[in-house]
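Read through the structure below, which is laid out as structure tokens, and then see the notes.
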Amino acid sequence: MVYSRDNPFPAKLKSRVRISGTGSEKNVQHLVFDIAGSDMVYKCGDSIAVLPKNSIVDVAEILDLLKIQPDTAVEIPGARKRISIFSALYEHFCITNLPRKFLEWFAATMTDSDEISHMDGRILCADDECKIAAKLHSLLEMLKKFRALRRVDAQEIVANLNKLMPRLYSIASSPLANSNEVHIVVNVVSYVNFIGNTRHGIASTYLANDMNIGADTANVFIVSSMFAMPTDVSAKIIMIGPGTGVAPFRGFLQERQCLEHRGERIGSSWLFFGDRNYETDFFFRDEFLNFKDSGILTNLHLAFSRDQEKKIYVQDRMWENREELWSWILDDAYIYVCGNASNMAVDVGNVLKKIAMEVGNFDEARAGEFFKSLRRSRHYQMDVY
């Protein structure tokens, strides 16, 4: 069976363990889902899409403030089916970051001229700061802040909200090593927003706090990716994945370990991993050290930015090992980068070009074209977000 957003598989949460240590600034969880009986197939490098759910407490409070009965039926736009307003707000629509169409509709429901004026000036204004502020208002915050509303219809609410989108997580396991399971790594998001309220990530809170182990299921489906291991298992691989970006590389190494146990000749593997502190943020530390000891992982270079006065990142470790790294690249190694797109992936790309220019004696134009050719041949792959 093919699973999708419209036809997800209810995967039971099999286990959940915090893998960031005591004292870490992060709450990072390792979750395992049971997919037995689903015929769901994935490969290392794929992602799993999770259809998250909103806070039950928040939904109940929203309906109470709106004076709408939870069992009031509404139609899902475009779906031609009717469900309760509670179900709609709980698992179908985003109630945190509100679209402008909702804010404009909301302003039209207000009956107090002073509040309307305040909202026009603070929420619907045209400058960039107000636009950002508007996006950060949740529905519950809006209802608490602006109380003078006309009686609204349940259908009006859902007609002006955006749908709750699936969240993609890089799969942190190999199907060869974990039959009937999918593993993921979740960084639980929590922050204080611009008006001083503590906000929690929808999907990460749902997965890490709201689901009951061994009882609850999450609606999921596999998203196939071009971020894939080489078909030649003897090829060298270079993996660069700071923070939770290390997730797919756990799967890569599990896969290679299984292949070696089958008697296949696997290629050399090199992992660059970094985070803030060795003691609290070296995710799957024992596993990666065991991979290194057993020879599955040939090279392991670590960068923990807060363990010394000068901050050290994965790109610094790459530069320190530039001679050997360049020799691997020339030996047809596959380069994989997973993690933050805006900073880390750019910095990694820049240091690779710098290595090509210094060690390989390329000029800037030739270095740029060289890595473009590696991307075209799938020797340089990125899974960034």
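A few notes on this one:
- Qualifying residue in the stretch 211-224 (condition: of a type in the set (Ser, Thr, Tyr), under 18 Å from the mean Cα position of the chain (by Cα) and surrounded by 15 or more Cβ atoms within 10 Å (Cβ to Cβ)): no
- Segments classed as strands (runs of 3 or more DSSP E), wholly inside the stretch 170-265, with at least 3 members that are within 19 Å of Asp383 (Cα to Cα): 181-187, 217-223, 237-240
- Residue in the stretch 11-24 that is touching a Lys or Arg at 6+ places or on another chain (Cβ under 6 Å), farther than 30 Å from Lys144 by Cβ and surrounded by 20 or more Cβ atoms within 10 Å (Cβ to Cβ) present: yes
- Within the stretch 38-47, the set of residues being without any contact (Cβ under 8 Å) to a residue 40 or more places away in the chain and either small (Gly, Ala, Ser) or part of a strand (DSSP E or B) (or both) comprises Ser38 only.
- Scanning the stretch 305-342 for residues being under 14 Å from Gly241 (Cβ atoms) and without any contact (Cβ under 8 Å) to a residue 40 or more places away in the chain gives a total of 1.
- Residue within the stretch 253-274 that is closer than 18 Å to Asn343 by Cβ, crowded, with 22+ Cβ neighbours inside 10 Å, aromatic (Phe, Trp, Tyr) and touching a residue at least 40 places away in the same chain (Cβ under 8 Å) present: yes
- Residue count for the stretch 148-169 under the criterion of being out of contact with any Leu (no Cβ under 7 Å at 6 or more places or on another chain), modelled with pLDDT of 90 or more and assigned to a loop (DSSP other than H, G, I, E, B): the result is 6.
- Verdict on Leu302 being closer than 25 Å to Val233 by Cβ and under 28 Å from the mean Cα position of the chain (by Cα): no
- Any hit, the stretch 194-202, residues being under 21 Å from Cys338 (Cβ atoms), without any contact (Cβ under 8 Å) to a residue 24 or more places away in the chain and in contact with a Ser or Thr (Cβ under 9 Å, 6 or more places away or on another chain): yes
The values are calculated or read from the model by the stated rules, or taken from the named source; none is laboratory data. It should be emphasised that the depicted structure is a prediction, and the values quoted were computed from it without experimental measurement. Every residue, glycine as well, gets a Cβ built from its backbone with ideal geometry; the counts of neighbours run over all protein chains shown.
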